[in-house]
1. Can you give me the number of residues within region 41-58 that are within 13 Å of the chain's Cα centre (by Cα) and loosely packed, with under 13 Cβ neighbours inside 10 Å?
2. Taking LEU93 as the residue in question, decide whether it is modelled with pLDDT of 95 or more, over 16 Å from THR33 (Cβ atoms) and surrounded by 10 or more Cβ atoms within 10 Å (Cβ to Cβ).
3. Could you tell me which numbered condition TYR32 fails, if it satisfies all but one of (1) of a type in the set (Ser, Thr, Tyr); (2) touching a strand residue (DSSP E or B) at 6+ places or on another chain (Cβ under 9 Å); (3) assigned to a loop (DSSP other than H, G, I, E, B)?
4. Picking from THR33, THR71, which residue would you name as being in contact with a Pro (Cβ under 8 Å, 6 or more places away or on another chain) and either surrounded by 14 or more Cβ atoms within 10 Å (Cβ to Cβ) or of a type in the set (S, T, N, Q) (or both)?
5. List pairs: first in region 63-90 and farther than 13 Å from LEU31 by Cβ, second among the hydrophobic types (A, V, I, L, M, F, W, C) and not in a loop (DSSP other than H, G, I, E, B), Cβ under 7 Å, 6+ apart or cross-chain?
6. Residue check: is LYS61 at pLDDT 95 or above, farther than 13 Å from MET41 by Cβ and surrounded by 11 or more Cβ atoms within 10 Å (Cβ to Cβ)?
7. For region 45-97, give me each residue that is part of a loop (DSSP other than H, G, I, E, B) and in contact with a strand residue (DSSP E or B) (Cβ under 7 Å, 6 or more places away or on another chain).
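The values are calculated or read from the model by the stated rules, or taken from the named source; none is laboratory data. As the structure is a prediction and not an experimental result, all values here were calculated from the model. Positions of Cβ are generated from backbone atoms using ideal geometry, with glycine treated the same way; all protein chains shown enter the neighbour counts.
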Amino acid sequence: MNTNSNTTTPNTITQNVNERSTEGVVPEKILYTVKEVSTIMHTNTGYVYQLISSGLLPALKLGSLKIRHATLMKFLNEYDGYDLTDPSNIEKLSVSA
């Protein structure tokens with residue numbers, strides 16, 4: 001009779017597969033640099049700094065300025081449909097055909 005504690009059951013196989021499936025997977029980024037935000041928004045870093053200094057895009061400083069993923073998503077949702085060309089003069093977007 002085998003009394004080895006390393007016996008394999010269907011539950012341990014499933015657990016091992018689940019553990020392996022997350023190995024090497026990079027979780028969603030939580031923090032972005034100003035450069036990364038500018039790339040995501042298809043703009044330049046100066047504009048991102050302008051959004052931060054105007055208070056429209058909150059940031060935190062951890063060595064350099066960082067923007068949380070959730071903060072960026074909130075900003076994009078909140079200002080969807082607005083013209084942000086000049087952050088000091090935000091207007092509802094008007095599109096003419």
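1. Filtering region 41-58 for residues within 13 Å of the chain's Cα centre (by Cα) gives 41.
Checking which are loosely packed, with under 13 Cβ neighbours inside 10 Å leaves us with none.
Qualifying residue count for the region: 0.
2. Values: modelled with pLDDT of 95 or more: no; over 16 Å from THR33 (Cβ atoms): yes; surrounded by 10 or more Cβ atoms within 10 Å (Cβ to Cβ): yes.
Taking the combined requirement at face value, the residue does not satisfy it.
3. (3)
4. Details: THR33 fails: in contact with a Pro (Cβ under 8 Å, 6 or more places away or on another chain).
Of the residues listed, the single one that is in contact with a Pro (Cβ under 8 Å, 6 or more places away or on another chain) and either surrounded by 14 or more Cβ atoms within 10 Å (Cβ to Cβ) or of a type in the set (S, T, N, Q) (or both) is THR71.
5. Once the first residue is farther than 13 Å from LEU31 by Cβ and sits in region 63-90, its partners that are among the hydrophobic types (A, V, I, L, M, F, W, C) and not in a loop (DSSP other than H, G, I, E, B) give PRO87/LEU51.
6. Values: at pLDDT 95 or above: yes; farther than 13 Å from MET41 by Cβ: yes; surrounded by 11 or more Cβ atoms within 10 Å (Cβ to Cβ): no.
No; evaluated as a whole, the condition is false for this residue.
7. So the first thing to find is which residues in region 45-97 are part of a loop (DSSP other than H, G, I, E, B), and the list is 54-59, 63, 79-81, 84-90, 93-97.
Answer for region 45-97, where residues must be part of a loop (DSSP other than H, G, I, E, B) and in contact with a strand residue (DSSP E or B) (Cβ under 7 Å, 6 or more places away or on another chain): LEU57, ALA59, GLY81, ILE90, LEU93.
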